[in-house]
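The values are calculated or read from the model by the stated rules, or taken from the named source; none is laboratory data. This is a predicted model, so every value here is computed, not measured. Positions of Cβ are generated from backbone atoms using ideal geometry, with glycine treated the same way; all protein chains shown enter the neighbour counts. SASA here: full protein model, heavy atoms, side chains in, ligands and nucleic acids out. Shrake-Rupley method; radii C 1.70, N 1.55, O 1.52, S 1.80 Å.
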2 protein chains.
Amino acid sequence: MDGNAGPPPLFHVSYPRRIPARAPENHVPAAPRFSLRWRHAVPTLVSDYFGLQGAGQADAKGHEFVSRMSQWFSEPNGPSAYEITTCIDETGRPATVVLAYWTSPSAHAAWSTGSSWRVWWEDAARPTEDVGYWREHLMCPYDRHETIYSDPNYRVGLARTPNSELVPITTNGYFGAARDRIPLSAVDDLQAPVRPSTPPARRTAGARLAVTIPHNLTVLRSGQFWHNSDPEQAADYEQNLRVKLDRGMDYLEQTPDSGCLYLRRLTNMSEDGTPRRETSIQAVFTSLADLESWAAVHETHLAIYRHAIAMKRRYGEHRDVVTWHELFVLPGGTLFEYLNCAENTGMLPYLPHLGRSPEFPLPHVGNTGSRPS
Amino acid sequence: MDGNAGPPPLFHVSYPRRIPARAPENHVPAAPRFSLRWRHAVPTLVSDYFGLQGAGQADAKGHEFVSRMSQWFSEPNGPSAYEITTCIDETGRPATVVLAYWTSPSAHAAWSTGSSWRVWWEDAARPTEDVGYWREHLMCPYDRHETIYSDPNYRVGLARTPNSELVPITTNGYFGAARDRIPLSAVDDLQAPVRPSTPPARRTAGARLAVTIPHNLTVLRSGQFWHNSDPEQAADYEQNLRVKLDRGMDYLEQTPDSGCLYLRRLTNMSEDGTPRRETSIQAVFTSLADLESWAAVHETHLAIYRHAIAMKRRYGEHRDVVTWHELFVLPGGTLFEYLNCAENTGMLPYLPHLGRSPEFPLPHVGNTGSRPS
């Protein structure tokens, strides 16, 4: 018996490299950073974004949506973490976006198919309201994700799931570091097979639609938290850093060749419906290479990076504005769904639309399968 | 420098067990068996089944289909292995089924989106012919698959992909062994979230349809090869073992509660269009537990197993009827597609149908993405 056995190792995946890492020789990061690890095996991570298009939290419809989602999340196999956010969305409409995380795709599948949310989602009335609904389902194998946090004590997004820890890393602080942190990048260059094209306009109002996401679609959620910051750092964030972040986002939105398909500027909401000093952007790119091009070249990303380093030098361990991101390079083929959404919502403008035959009854747990004669 | 470094280890994935293995204590297999391993990292395996419904190899349409698929497979990023088979399908129609394998999902995505097959598949004429076409796309993370072969020298299915080896195993020869060979089973019980239900009849003729496969859908390809067998063993196969196999398949087809949704009895074809003594069944189950129930309980599977053991004892290393299978427990959410197929084809009877809007132009490599205003 080994009295000094210690805790079991944290779960991680790595492959012998066929593709060289991007890290410069003898790299030393300018500032410490952290990544998320779990104490149990998590081969697949799930993040579902549930959207209500047309109502933010100033709207009774928005409150009702949040109240129902919270209720349904409490049913068996609900998410192990979730957050309520609002935004003015990519179509210019007020929106409520609920983000939910599972570390077991089986639990997610059970909830997604068997919960009261499913009954509500499948109801033929759903695309007939005066708001739109959507769900962007991110099913991400562990080896296609990475995370980074500037502080080991702040939990957000995936980091709110249980049995996890924030561990110090050195794979940060150089261009290409995010890719190096994605385990699959050791053996796969994660290229997009096609660029999305410009479609003709198509009717989406009143329709129940889905799109099949392309291979290596890259979804970034990148955020900042200054809710508990001392007044000086909070003011610096709001007056200096935020402006730089906004310019970076504007660039992505206004540059067709950036490869950024859409982005949403999300503000976390407290339970009482007031906004927190906790924001993030969801930005969806055709490929990781597109995200890297922006990060490597565009002035504003360099400015953000330099600002973060300067603030870390000024405040050291008292730096209490936290920045972080979670990044998913998704396998193609799963669905993003849009019910009665505007035609420029999410992935709708870029891909063929799949529509649902309305007559099919809801699959119900407990029915036995039977084959047609 | 270590002069005795030896070859790098074969790729495999395993997780610390949270779920006990099924292996009995001190288990010794009754006969040696082998599994497939690769010399490079293969985190995801892809098997696509391409079907032509309504024409076998006695039909010019069948020959044309095979000729075209072979041509398209030779384009960049085509499959690293493929086979031509025919059957009388689950609807009672003659069919040609081409099976293709990739060990890189990126290569698969590039071929699937950028090849001439894609142009042909997307053509609006496709669902208007006097035959049906379908594609069942199996994208299987390595940790959700397993393979077993009775002989290390015969390559079929996945085992025809390059840079791979057949290695001896002892995780065989007891009920539950297949599950134990699936790496993810150490941490996930692979349950199906719902049983499929019995739908109303829906029109499928002339339609371009897709279904989203349910979580943990289990696809088995199980085969036998006696093309090169000595006459005595070939006769034994044809007169004794095959009858037992057929009875097992009949049971699955005729028992609604078996959880077997459909099966196809495939015969491999030589290049000259003649059938080989090389057959397999593709059997699709709601869950691994359904497959196991049949294997554990049903008389015919026991009979098959006993027959295989007895023949091994009789012929020893001269046993030249080869039996094998490859098994995939798939993550839910990707599409199986059916163009102008009969309503009881494949997964069509069990799930909602998604239809395609016909006006969308083909995404083309080289277009730059541009966001709508």
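Which far-off residues, 5 or more places away or on another chain, put their amide H under 5 Å from the one on residue A:195, with H placed in the peptide plane?
Hits under the 5 Å cutoff: B:366, B:367.
Using packing as a proxy for protection, rank B:260-270, B:102-112 so that the peptide with the highest average count of other Cβ atoms within 10 Å comes first.
B:102-112, B:260-270
Return one whole number: the accessible area per residue of the stretch B:43-361 in Å², for a 1.4 Å probe.
I get 35 Å² per residue for this part.
Of the accessible area of the protein assembly as shown, with the probe set at 1.4 angstrom, what percent is carbon plus sulfur?
On the protein assembly as shown, the fraction of accessible area on carbon and sulfur atoms equals 52 percent.
At residue B:239, with labels set 7 Å past Cα in the Cβ direction, how many nm apart are the copies from this one, shortest first?
9.7
Can you work out which chain B residue has the shortest Cβ-to-axis distance for the rotation that carries B onto A, and give it in Å?
Result for the axis mapping B onto A: B:354, 2.
Among B:227, B:318, what's the order by accessible area (1.4 angstrom probe), most exposed first?
B:318, B:227
Using packing as a proxy for protection, rank B:277-283, B:237-243 so that the peptide with the highest average count of other Cβ atoms within 10 Å comes first.
Packing proxy ranking, top to bottom: B:277-283, B:237-243.
Please work out how much accessible surface residue A:93 shows to a 1.4 Å probe, ignoring ligands, DNA and RNA, in Å² rounded to 10.
About 100 Å², rounded to the nearest 10.
Which residues' amide hydrogens lie under 5 Å from the amide hydrogen of residue B:33, considering only partners 5 or more residues apart or on another chain, with H built in the peptide plane?
B:169
Ignore the peptide's own chain and count Cβ atoms of other chains within 10 Å of each Cβ in A:258-264; give me the average, rounded.
Neighbouring Cβ atoms belonging to other protein chains average 2 per residue here.
Could you state the angle between the C-alpha long axis of helix B:299-315 and the longest principal axis of the C-alpha atoms of chain B, as a value from 0 to 90 degrees rounded to the nearest 10?
60 degrees
Given a 1.4 Å probe and no ligands, DNA or RNA in the count, how much accessible surface is buried by B and A, both sides, to the nearest 100 Å²?
5300 Å²
Please express the Cα-Cα pair-distance distribution P(r) of the stretch B:43-361 as a list of whole percents, one per 10 Å bin, running from 0 to the bin with the greatest distance.
Spelled out per bin, shortest first, that is 5, 26, 37, 24, 7, 1, 0.
What is chain B's relative contact order, in percent, from Cα pairs under 8 angstrom and six or more apart in sequence?
Reported relative contact order: 25 percent.
Would you be so kind as to identify which of B:14, B:137, B:261 lies farthest towards the positive end of the dipole of chain B, taking Lys and Arg as +1 and Asp and Glu as -1 on Cβ and the Cα centre as origin?
Checked the options; the winner is B:14.
Considering only the label points, 7 Å along Cα→Cβ from Cα, what distances in nm to one decimal separate residue B:27 from the same position in each other copy, shortest first?
Here residue B:27 shows inter-copy label distances of 4.4 nm.
Given the peptides A:330-338, A:121-129, A:17-25, arrange them by the average over their residues of other C-beta atoms within 10 Å, most packed first.
Those peptides, ordered most packed to least, come out A:330-338, A:121-129, A:17-25.
Using modelled amide H (1.01 Å from N, peptide plane; none on Pro or chain starts), what sits under 5 Å from the amide H of residue A:22, excluding residues fewer than 5 places away?
It is A:180, by chain and number.
Where is the GNM fluctuation largest for chain A (alpha-carbon springs, 10 angstrom cutoff): A:197, A:185, A:150?
Answer for the Gaussian network model of chain A: A:197.
Averaged across the residues of A:329-335, what count of C-beta atoms belonging to other chains lies within 10 Å of each residue's C-beta?
Counting other chains' Cβ atoms within 10 Å and averaging over A:329-335 gives 6.
Using a 10 Å cut-off on Cβ to Cβ distances, tally the other chain neighbours for every residue of A:282-293 and report the average as a whole number.
Mean shielding count: 0.
Residue by residue through the stretch B:228-241, what is 3J(HN,Hα) from phi via Karplus (6.51 cos²θ - 1.76 cosθ + 1.60, θ = phi - 60°)? Round to whole Hz and write x for glycine and proline.
Karplus-based 3J(HN,Hα) across the stretch B:228-241 equals 9, 6, 5, x, 5, 6, 4, 5, 4, 4, 5, 9, 10, 5 Hz.
In straight Cα distance, which lysines are under 25 Å from residue A:312, not counting same-chain residues fewer than 8 positions off?
A:244
Could you run the Karplus curve 6.51 cos²θ - 1.76 cosθ + 1.60 with θ = phi - 60° over the stretch A:259-266 and give me ³J(HN,Hα) per residue in whole Hz, x for Gly and Pro?
So the Karplus estimates, Gly and Pro as x, are x, 7, 7, 6, 9, 10, 9, 9 Hz.
With a ≥ b ≥ c taken as the square roots of the eigenvalues of the C-alpha gyration tensor of the protein assembly as shown, please select rounded if a/c is under 1.5 and otherwise prolate if a/b is larger than b/c or oblate if it is not?
Note, shape of the protein assembly as shown comes out prolate.
Nothing charged except the Cβ atoms of Lys and Arg (+1) and of Asp and Glu (-1): what's the magnitude of the dipole of the protein assembly as shown about its Cα centre? Round to the nearest 20 debye.
420 debye
Could you give each residue of the stretch B:273-288 its phi-based ³J(HN,Hα) in whole Hz, using Karplus coefficients 6.51, -1.76, 1.60 with θ = phi - 60°, and x for Gly or Pro?
x, 9, x, 9, 7, 7, 10, 7, 10, 9, 10, 10, 10, 4, 7, 4
For residue B:49, tell me the accessible area in Å² from a 1.4 Å probe, rounded to the nearest 10.
Accessible area of residue B:49: about 0 Å².
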